[in-house]
Structure formats: C-alpha cells, structure tokens
Amino acid sequence: MVVKLYGQVTAACPQRVLLCLLEKEIEFEIIHIDLDTLEQKRPEHLLRQPFGQVPAIEDGDFKLFESRAIARYYATKYADQGTNLLGKSLEHRAIVDQWADVEVGYFNVLVHPLVMNLVIKPRLGEECDAVLVEELKVKLGVVLDIYENQLASNRFLAGDEFTMADLTHMPAMGYLMRTNINRIVKDRVNMNRWWEEVTARPAWKKLMKMAGF
Amino acid sequence: MVLKVYGPHFASPKRALVTLIEKGVPFETVPVDLMKGEHKQPAYLALQPFGTVPAVVDGDYKIFESRAVMRYVAEKYRSQGPDLLGKTVEDRGQVEQWLDVEATTFHPPLLNLTLHIMFASVMGFPSDEKLIKESEEKLSAVLDVYEAHLAKSKYLAGDFVSLADLAHLPFTDYLVGPIGKAYMIKDRKHVSAWWDDISSRPAWKETLEKYSFPA
C-alpha cells in the first residue's frame, strides 16, 4: 500500500517526511495541498490535521501528522529497509533523538522566522522585519557555534553515521542556504563540510528535483 | 552507578523526573543554580552545551533534551511500570505525534507566558504585554483543538496514558498556578477532565512534592 502524503512538495515540513521516505525506499503519493490559497485551513484538511498544517499522512487506515513523528514512525517500522536513521543501540538512538529535538527548540525556532522574513514575506509583497532578522541572526550564530563544535569531533550530528538528527535539519537548512545570509553556515568550516556531505546524498538530490529547486 | 538528573527544581527537567518515577527507576538529582549562572559555567556546559536544563548522566552516558530523555527511559525500562509508548508501532506513532504537538505547538506560546508573567522581573527584562496577549490567544486556539480531540479520546494518544500526556505536566502546572490562567483549562470540559486525571497521578504528585522550587 502506497503512503499518501498531503502537503506541498516545496514546503519544509512535507519535505522532512519525503526525505525520510526516499532514504527508506518507501513508495508514496503526494496529494497537493495548496498553501498559497490556504487549502490547509479548509474543513476537508482539518479532518486530517486539526491544527491546519501540512503534512498529514494516510497509510491504509493509519493516519498521522507532525512531520517529525511521521519520519520517526517510518524509520522505526522499516528499520531493516533503506538507510538506518535511528542508530545502532538504544543509547545511540537517544542521542539521535537528542539532536533531533535540538532542531525543534534551538534551530527551527530561529530559522523559521528568518525564512518567513527573508523569503516568504517578500514573495507575498509584505515588509520584512529587518530589526528582527538582525536579532535572529545573532541568536542563530550562538546556536551554530555549538553545532560547529559538535561537528568538529563528529562527522554527523549524532556520531559517524547519517541519522534522523541530520535529516530533520535539512529542509529548513535548505531554505536558509538559499537566502542572502547563508554565510552564517558557509563561514563555519565543519558546518559547511557537513552540509556539503549531507546534500550530496541521492535522496536529497531526488527531493530537490521533485521540488523544482 | 545511579542515573543523575541535573536541575530538578525547574520545569523541563520534571518531564524526565515524572517519567523515571512512573517507571520506578532509581535516580539522584543535582541542583543547578540558574540565578548564580551555574548553567553557563564550563563544568555544566560540558554536560549540556546549550546551557539549559535538564542534563542527564547515566554512568558514562550523557544525554540532554527532556523529551529525548523521556523516550530513552520509556524504551530502556519498557518492561516495568506503565507502557508509556503504547503497544504497537502505530500506537507509538500516535504518542510521537502528540509529543511533537506539545513541543512545536503547545509549548512555545506557554513558554512566552511563563517567561513574561513568572520570570520577567527576576530575569531582568520588561514584560511584553502584547506578546502575553498574543500568546494567550495562540494557546487558546491550540486548547480548542485539544478539547475536540479529548472529547473522543481519553488520553492524547488513545486510551492509554503516554509520554505525550506526561510531557504537558510541568508547564501546564505553571499555567494553572503561578501564571494565573487556570480558566484556560477549567473552562474546557474535556481538557479539564484530562488535566485532573494526569495531574493526580501519584508519580506527578511525588515530583511536585520533592522537587518544587523552594519558596
């Protein structure tokens, strides 16, 4: 049975799930939910995702939302297929979870409003909050110093293998790297090395092609 | 060697503490003096590089991020105490879904209320009234979704209590207490019943009894 993913292929959260499905070699079908016309807020979609967001998945009778939960579900269910995204032991898995959770509380909390102001608002003809962008850049610099340090002694975020911890950062990082502030990553030696390596993966290249980036 | 949890008096570490107590896992706590800036000292940063609580040390093993600790404990001690991850992979998927809702959607506006109502003066920044109002509105909209969901489901992930429910305890305890907005919970019939249920669990009562911030 093919996984049905409701979302927009260019949006970061659906991309998180798509990247996981591609790494795990799981077949899927994308049902486009048009964010520009606020389709995600309409009653039909609210039945799938009561907070009015994308993505949501349907897999036979099984339904799930929250991209990181969906990614963890498939990584667990198909542990023996495709890339192992959850580490080799319970202790390793917990470190993977640790860095995946860091993405939520420290990384995305800054990158999301940065991308909103630098990419989305201009596209919608709205004014970018330049003061906020400067504040967020400073805070993100502090956070990325910690990532830089971690990646100085680790090839990937959770150790020497690519895991969910790296994957979960990639969609939003992709957006950040397409802005005019991408030096914040490029000027950090180990972050740059890590980003070049993870984006060389076939699954990422496939995803970028699907998204038309 | 017994597992150690750093910073027990604060809210986020209580996610880890309540899970350990539910699962009957022995542990010790190590206080961290945030007022004195202990969390920014090299010794603590070696355990938690972002300088926040909790940090957990289990022998040679170190782990931070309260929800990652919850998952670790729930999985490691799966065979003892309540199964906080559900029985099947699909159950676990629902647990992860609501655990993520807590982290991405419930927690951010509640954190704003916590910082600006409870800690602004102590931490030395001006309390932002506009942000407080917006955060309450956001949290209210989220709680409306919870109300509809909990009308059909006893607990967040199904008919069993899970990590998803427990993750809400520490900051919701602030909301109904020192933040002074208990009405946000009480005025919603199903959210209120769910809150009464999970907050009266012996493990949570023990957490509050032993690790509430000293007056």
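The values are calculated or read from the model by the stated rules, or taken from the named source; none is laboratory data. Fair warning: this is a prediction, and the values are worked out from it, not measured in the lab. Using ideal geometry, Cβ is built from the backbone for each residue, glycine included, and neighbour counts are taken over all protein chains shown. Just so you know, the surface numbers come from the protein's heavy atoms only, side chains and all, with ligands and any DNA or RNA stripped out. Shrake-Rupley method; radii C 1.70, N 1.55, O 1.52, S 1.80 Å.
Quick notes on this one:
- When segment A:88-204 is reduced to its Cα atoms, the Kirkwood hydrodynamic radius in Å: 14.8
- In a DSSP loop and with at most 15 other Cβ atoms within 10 Å, the GluC sites (Glu not before Pro) in segment A:1-37 are A:25, A:27.
- 10 Å Cβ neighbours from other chains, averaged over peptide A:90-99: 6
- Only lysines eight or more places from residue A:24 in sequence, or on another chain, were considered; those with a Cα closer than 27 Å are A:4, A:63, A:77, A:88, A:205, A:206, A:209, B:76, B:87.
- Once you divide the Cα radius of gyration of segment B:117-215 by 2.2 N^0.38 Å, the number left is 1.17.
- Close amide H partners of residue A:31, meaning residues 5 or more places away or on another chain with modelled amide H under 5 Å apart, are A:5, A:6, A:7.
- On segment A:75-131, 56 percent of the accessible area sits on carbon and sulfur atoms, based on a 1.4 Å probe.
- Qualifying trypsin sites (Lys or Arg not before Pro) for segment B:37-128 [loop in DSSP, other Cβ within 10 Å: at most 10]: B:87
- Coordinate range along principal axes, alpha carbons of chain A, Å, largest first: 47, 46, 27
- Chain B and chain A together bury an accessible surface of about 2600 square angstrom, both sides counted, with a 1.4 Å probe and no ligands or nucleic acids included.
- Partner lysines for residue B:181 [C-alpha distance under 30 Å; skip if fewer than 8 residues away on the same chain]: A:41, B:14, B:36, B:130, B:133, B:138, B:152, B:154, B:189, B:205, B:210
- In summary, the convex hull built on the alpha carbon positions of segment B:3-81 has an orientation-averaged projected area of 4.8 nm².
- Cα-only Debye scattering, segment A:69-112: base-10 log of I(q)/I(0) at q = 0.17, 0.20 Å⁻¹: -0.54, -0.69
- For residue A:162, no residue whose modelled amide H falls within less than 5 Å of its own remains once neighbours fewer than 5 places apart on the same chain are excluded.
- ³J(HN,Hα), Karplus 6.51/-1.76/1.60, whole Hz, each residue of segment A:9-22, x for Gly, Pro: 5, 8, 8, 4, 5, x, 4, 4, 5, 4, 4, 4, 4, 5
- Spatially, segment B:1-60 and segment B:86-128 are offset by 18 Å when compared through their Cα centroids.
- Per residue, the accessible area of segment B:3-81 comes to 38 Å² when a 1.4 Å probe rolls over the protein heavy atoms.
- Mean projected area of the convex hull spanned by the Cα atoms of segment A:1-81, taken over all viewing directions: 4.9 nm².
- Hull volume in cubic angstrom per residue (convex hull over the Cα atoms of the protein assembly as shown): 149
- Over chain B - Rg/Rh using Cα atoms and the Kirkwood inverse-distance radius: 0.96
- Residues of segment A:49-64 that bury at least 20 Å² of accessible area when the other protein chains are present, relative to the chain alone (probe 1.4 Å, heavy atoms, ligands and nucleic acids excluded): A:50, A:51, A:62, A:64.
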